[in-house]
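The values are calculated or read from the model by the stated rules, or taken from the named source; none is laboratory data. None of these values were measured; they are calculated from a predicted model. Here Cβ is always computed from backbone atoms with ideal geometry, including for glycine, and neighbour counts include all displayed protein chains. Side chains are part of the model used for accessible areas, which takes the heavy atoms of the whole protein and leaves out ligands, DNA and RNA. Shrake-Rupley method; radii C 1.70, N 1.55, O 1.52, S 1.80 Å.
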Amino acid sequence: MDCYQALCPYIRTAWNCYCAAPWEVPERIIFDWELLYIKEGVVRITIEDMVYHAGPGSIFLFKPGKRHSISLLGCSKLHQPHIHFDLIAQEDSEQVKVNFQPR
């Protein structure tokens with residue numbers, strides 16, 4: 001069996017999220033993957049020690065265990081659809097929650 005046959009993604013949560021200023025996700029780590037799409041607004045995203053400024057059309061893929069934070073910049077609202085998922089469904093997938101705490 002090749003590695004692609006073993007993939008069986010588990011979607012933990014999918015949000016079509018609208019946020020109003022002031023808004024931020026303080027530094028945290030997550031235990032799953034996150035795919036983030038910036039549909040409206042401008043954000044500063046810090047991953048480990050790298051800082052990115054992103055606007056509409058930007059896509060970020062956060063890996064498990066990496067420090068990151070997100071802040072809304074210079075605008076009044078943010079539309080950020082995003083998905084938290086695991087690449088392979090495991091027995092405890094339902095018990096793993098989205099983490100909003102630092103390591």
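Report the residue count in region 13-31 for those that are at pLDDT 90 or above and either in a loop (DSSP other than H, G, I, E, B) or closer than 27 Å to ILE88 by Cα (or both). Spell out how you get there, then give the answer.
Going residue by residue through region 13-31, those that are at pLDDT 90 or above are 13-30.
Keeping just the survivors that are either in a loop (DSSP other than H, G, I, E, B) or closer than 27 Å to ILE88 by Cα (or both) gives 13-17, 21-23, 25, 27-30.
The total comes to 13.
Out of LYS39, LYS66, I need the residue that is touching a His at 6+ places or on another chain (Cβ under 6 Å) and either more than 18 Å from PRO9 (Cα to Cα) or not polar (S, T, N, Q) (or both). Which one?
Values: LYS66 fails: touching a His at 6+ places or on another chain (Cβ under 6 Å).
Residue meeting the stated conditions: LYS39.
Name every residue in region 68-87 that is over 19 Å from ALA20 (Cα atoms), modelled with pLDDT of 95 or more and of a type outside the set (A, V, I, L, M), in order of residue number.
Keep residues of region 68-87 that are over 19 Å from ALA20 (Cα atoms), which gives 68, 83-87.
Adding the requirement that they be modelled with pLDDT of 95 or more leaves 68, 83.
Correct list: HIS68 only.
From the set of residues in region 1-51 that are loosely packed, with under 13 Cβ neighbours inside 10 Å and among the hydroxyl-bearing types (Ser, Thr, Tyr), which is nearest to the chain's Cα centre (by Cα)?
So the residue we want is THR13.
Per-residue answers, yes or no, for (1) among the hydrophobic types (A, V, I, L, M, F, W, C); (2) in contact (Cβ under 8 Å) with a residue 40 or more places away in the chain; (3) at negative phi:
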site	(1), (2), (3)
MET50	yes, no, yes
PHE60	yes, no, yes
PRO64	no, no, yes
SER71	no, yes, yes
CYS75	yes, yes, yes
GLN80	no, yes, yes
PHE85	yes, yes, yes
GLN90	no, yes, yes
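From the list LYS97, LYS39, which one is in contact with a Pro (Cβ under 8 Å, 6 or more places away or on another chain) and basic (Lys, Arg)? Spell out how you get there, then give the answer.
On the way: LYS97 fails: in contact with a Pro (Cβ under 8 Å, 6 or more places away or on another chain).
Result: LYS39 is the single residue among LYS97, LYS39 that is in contact with a Pro (Cβ under 8 Å, 6 or more places away or on another chain) and basic (Lys, Arg).
Have a look at PRO56, PRO81, PRO64 and point out the one that is open to solvent by less than 70 Å² (accessible area, probe 1.4 Å), outside any strand (DSSP E or B) and not charged (D, E, K, R). So that I can check it myself, show each step before the final result.
Numbers: PRO56 fails: open to solvent by less than 70 Å² (accessible area, probe 1.4 Å); PRO81 fails: outside any strand (DSSP E or B).
Residue meeting the stated conditions: PRO64.
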